[in-house]
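A quick write-up on the structure given underneath.
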Amino acid sequence: MPGRVDVPMVLSALVKTIRLRHTEDSVAYLLFLYQRFPDTWYRATRRILIGAAEDGLCAYTQKRTSEWFVNGWHHEAPVIEAVREIARICRTPNWWAQPKNAGHDYIFSWDRAEKIAAASDFPQRELPFSEQLTQLEQEIDFHRPARAIAILCCFDQKRGFKPALLGKFLQLLAERQGNLLAYEVSEIYLRQLRALSGDTNFVGQAIYRLACGELGIQEEVEVPDEECSALLEAGRKRLSELKAIPGYLLDGIHSPGRDRRFSGMSSDMAAACRAFTHYGRLDPTDKWLASFRQDGEEGQK
């Protein structure tokens, strides 16, 4: 790939192509990181682990990706196994493609939650962590996912936030409800605490499930060795032909660029859901309408 390309740009491209389900392109960017920036392999594989939840709602896939990550973050681990997990994630429908399986509502609830949390008069913001957990349980009991997630957005170590206690607390609530998927997703968070303690995607899904019940299509996805090998070859070919990283993969938030259509910010993800509703797909060639970014009343309180 000619020209100046840095790690944030390639990581951004890896994340966005997984988000869009452009599997062969994802493998190409993975290989670029593996070959050119071996010291960043932990960051790359951690992004795949996070991507199983940030860009997937299937607990089975999340569990399998978590099991791979235990050893997969080592650079000497077989790269084809990382390819398998990208393929596994991309074989499941993303949140933007699941308007009838709570995928859109989940994203709209997150968008609403961040606005609630940002309000200066949000009372739970300054509470000690133990009291925030009590408030979180109440919002879950009242089936108000946006307000529950808003509390999650306010957790801060200055007020005593401890990721392990959050994971165990959510497991306890899941046991009381008999909510197996919320329990399993919380378990992934606890098992991968080193990688996920600063990420809210897994616990956000656990909270939503506790407040609303089901979330996303659940299916057991297996990716055979032949498919992984074919993807590896296709990824190598794509990488050899790549002239530059397309602008739609560079959002200007965590990398240079200015195209925010496919960023991981909740407002942009909500806009992507509206784009899917309008076009029936999520594609960088489609015109982004102003209405996609207009705040609506979607999402539960």
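A compact table of results
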quantity: Residue within the range 222-237 that is β-branched (Val, Ile, Thr) and in contact with a Pro (Cβ under 9 Å, 6 or more places away or on another chain) present; calculated: no
quantity: Sole exception among (1) open to solvent by less than 40 Å² (accessible area, probe 1.4 Å); (2) closer than 28 Å to residue 37 by Cβ for residue 95, by number; calculated: (2)
quantity: Answer residue from the range 250-301, given it is of a type in the set (Lys, Arg) and more than 15 Å from residue 97 (Cβ to Cβ) and is modelled with the lowest pLDDT among those; calculated: 301
quantity: Cβ-Cβ under 7 Å pairs, at least 6 apart or on other chains, the range 266-288 side within 15 Å of residue 54 (Cβ to Cβ) and of a type in the set (D, E, K, R), far side at pLDDT 95 or above and in a loop (DSSP other than H, G, I, E, B); calculated: 268/260; 268/261
quantity: Residue in the range 162-184 that is touching a residue at least 60 places away in the same chain (Cβ under 8 Å) and either closer than 23 Å to residue 47 by Cβ or out of contact with any Ser or Thr (no Cβ under 7 Å at 6 or more places or on another chain) (or both) present; calculated: yes
quantity: Residue in the range 189-240 that is nearest to residue 103 (Cα to Cα), counting only those that are under 18 Å from the mean Cα position of the chain (by Cα) and without any contact (Cβ under 8 Å) to a residue 40 or more places away in the chain; calculated: 209
quantity: Residues of the range 100-132 satisfying the condition of being under 17 Å from residue 202 (Cα atoms) and either over 23 Å from the mean Cα position of the chain (by Cα) or not hydroxyl-bearing (Ser, Thr, Tyr) (or both); calculated: 102, 103, 104, 105, 107, 108, 110, 111, 113, 114
quantity: Any chance residue 85 is charged (D, E, K, R), open to solvent by less than 10 Å² (accessible area, probe 1.4 Å), under 18 Å from residue 234 (Cβ atoms) and assigned to a helix (DSSP H, G or I); calculated: yes
quantity: Residue that is modelled with the lowest pLDDT [pool: residues in the range 136-177 that are farther than 22 Å from residue 192 by Cα and in contact with a Phe, Trp or Tyr (Cβ under 6 Å, 6 or more places away or on another chain)]; calculated: 159
quantity: Sole residue being of a type in the set (A, V, I, L, M), farther than 24 Å from residue 266 by Cα and buried (at least 16 other Cβ atoms within 10 Å of the Cβ), chosen from 173, 136; calculated: 173
quantity: Every residue from the range 195-216 that is open to solvent by 10 Å² or more (accessible area, probe 1.4 Å) and under 21 Å from residue 264 (Cβ atoms); calculated: 197, 198, 199, 200, 201, 216
quantity: Those helices (runs of 4 or more DSSP H) lying entirely in the range 189-301 with at least 2 residues touching a Ser or Thr at 6+ places or on another chain (Cβ under 9 Å) and under 22 Å from residue 31 (Cα atoms); calculated: 225-241
quantity: Per-region count, the range 217-235, residues under 26 Å from residue 175 (Cβ atoms) and either open to solvent by less than 50 Å² (accessible area, probe 1.4 Å) or of a type outside the set (A, V, I, L, M, F, W, C) (or both); calculated: 3
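The values are calculated or read from the model by the stated rules, or taken from the named source; none is laboratory data. Please read all numbers here as calculations on a predicted model, not as lab measurements. Methodologically, a virtual Cβ is constructed for each residue, glycine included, from the backbone with ideal geometry; neighbour enumeration extends over all protein chains shown. Protein only, heavy atoms only, side chains kept; ligands, DNA and RNA dropped before computing areas. Shrake-Rupley method; radii C 1.70, N 1.55, O 1.52, S 1.80 Å.
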